[in-house]
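Below is one structure, written out as structure tokens; the observations come after it.
The values are calculated or read from the model by the stated rules, or taken from the named source; none is laboratory data. Just so we're clear, the structure is a prediction, and the values are computed from it rather than from any experiment. Every residue, glycine as well, gets a Cβ built from its backbone with ideal geometry; the counts of neighbours run over all protein chains shown.
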């Protein structure tokens, strides 16, 4: 009888384990390079989601990826559930414009926005560059294909009537590689559309005399005026060695996106994990310190809100 009871108990445990395993669901969040804030965004969201796995049976991973455009394409293909993307590429993907012409992703859904991302240009001091237009004829890292910063760089060049060919070298290094390239004098300048403070830029400005260049002028003013997903931005002086004064540029928002095909309860659970633990989330990176809920559920969002996110925001009384 004891042996029979033991067999029954073992069988019951096996059924329970199988049932739990069957209930567990896995989601993948696309991020960016490991030195950038996108990676921290994805990792931070997953950390908060996974703290509650015992309750909701949702498990989250956030691998490093190529960035905004790569993330949107992966979500569209069903290879990822959610991802971080610049506000401009959220707009273009949903509307089928720019890089997404002919491949509109009308199932793209907004979840929330995160930090602001100034278009940041760091140049070696010995390059003699004092502003962005001084870089033509020099060696510049324009960014890796598939990244939002590369695509934004192309937009800036087009606005100025220029192209990659106007640089003596247009390298395509990933964010993790470009700071070392600047320090090793392999490039004169690097470009990063990123939240601040940023570890990669701190590394670059600590290893070589460098300066952050302003990105201003009539062409940039027109770019901002004509595109609602862009805004003027300021990189605070004193944040990085070699740049004591505020630097004027323009920028975008980092946004968190998904697909209409992702179940409402999954998105609801992720949103709840972030906003129910908002102070904890804000403490996970300096770029998150000034985040405000009201901005996050509206600023930089051009695709429709996912119903799962809408449900949570209505419950909190943030939207009607």
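Name every residue in the stretch 265-303 that is surrounded by 15 or more Cβ atoms within 10 Å (Cβ to Cβ), touching a helix residue (DSSP H, G or I) at 6+ places or on another chain (Cβ under 9 Å) and not in a helix (DSSP H, G or I), in order of residue number. Answer for the stretch 265-303, where residues must be surrounded by 15 or more Cβ atoms within 10 Å (Cβ to Cβ), touching a helix residue (DSSP H, G or I) at 6+ places or on another chain (Cβ under 9 Å) and not in a helix (DSSP H, G or I): 277, 284, 285, 291, 297, 299, 300, 301, 302, 303.
All conditions but one from (1) part of a helix (DSSP H, G or I); (2) within 19 Å of the chain's Cα centre (by Cα); (3) modelled with pLDDT of 95 or more; (4) under 21 Å from residue 285 (Cα atoms) apply to residue 50; the one that does not is (2). Every listed requirement among (1) under 21 Å from residue 57 (Cα atoms); (2) crowded, with 21+ Cβ neighbours inside 10 Å is met by residue 254 save one, (1). Every condition in (1) under 19 Å from residue 175 (Cβ atoms); (2) at pLDDT below 95 is met by residue 232 except one, and the failing one is (1).
When the stretch 28-43 is filtered for residues that are farther than 18 Å from residue 177 by Cα, in contact with a helix residue (DSSP H, G or I) (Cβ under 9 Å, 6 or more places away or on another chain) and surrounded by fewer than 22 Cβ atoms within 10 Å (Cβ to Cβ), only 28 remains.
Filtered by the rule that a residue be surrounded by fewer than 21 Cβ atoms within 10 Å (Cβ to Cβ), touching a residue at least 12 places away in the same chain (Cβ under 8 Å) and part of a helix (DSSP H, G or I), the stretch 74-98 gives 74, 76, 95, 98.
Reported count of residues in the stretch 230-246, each being within 15 Å of residue 213 (Cβ to Cβ), touching a residue at least 40 places away in the same chain (Cβ under 8 Å) and touching a strand residue (DSSP E or B) at 6+ places or on another chain (Cβ under 8 Å), is 5. Being in contact with a helix residue (DSSP H, G or I) (Cβ under 9 Å, 6 or more places away or on another chain) and at pLDDT below 95 is the filter here, so list the residues in the stretch 173-182 that pass it. Of everything in the stretch 173-182, those that are in contact with a helix residue (DSSP H, G or I) (Cβ under 9 Å, 6 or more places away or on another chain) and at pLDDT below 95 turn out to be 173, 175, 176, 178, 179, 180.
Residues that are touching a helix residue (DSSP H, G or I) at 6+ places or on another chain (Cβ under 6 Å) and under 20 Å from residue 263 (Cα atoms) within the stretch 53-84 comprise 56, 57, 58, 59, 60, 62, 72, 80, 83, 84, listed in sequence order.
Cβ-Cβ under 7 Å, sequence separation 6+ or interchain: first residue in the stretch 21-43 and without any contact (Cβ under 8 Å) to a residue 24 or more places away in the chain, partner part of a strand (DSSP E or B). Which pairs? Qualifying pairs under 7 Å: none. Selection within the stretch 229-242: residues that are in contact with a helix residue (DSSP H, G or I) (Cβ under 8 Å, 6 or more places away or on another chain) and in a loop (DSSP other than H, G, I, E, B). The member of this set that is surrounded by the most Cβ atoms within 10 Å (Cβ to Cβ) is 230. Being at negative phi, in contact with a strand residue (DSSP E or B) (Cβ under 9 Å, 6 or more places away or on another chain), at pLDDT below 95 and surrounded by 18 or more Cβ atoms within 10 Å (Cβ to Cβ), is that true of even one residue in the stretch 102-113? The answer is yes; a qualifying residue exists.
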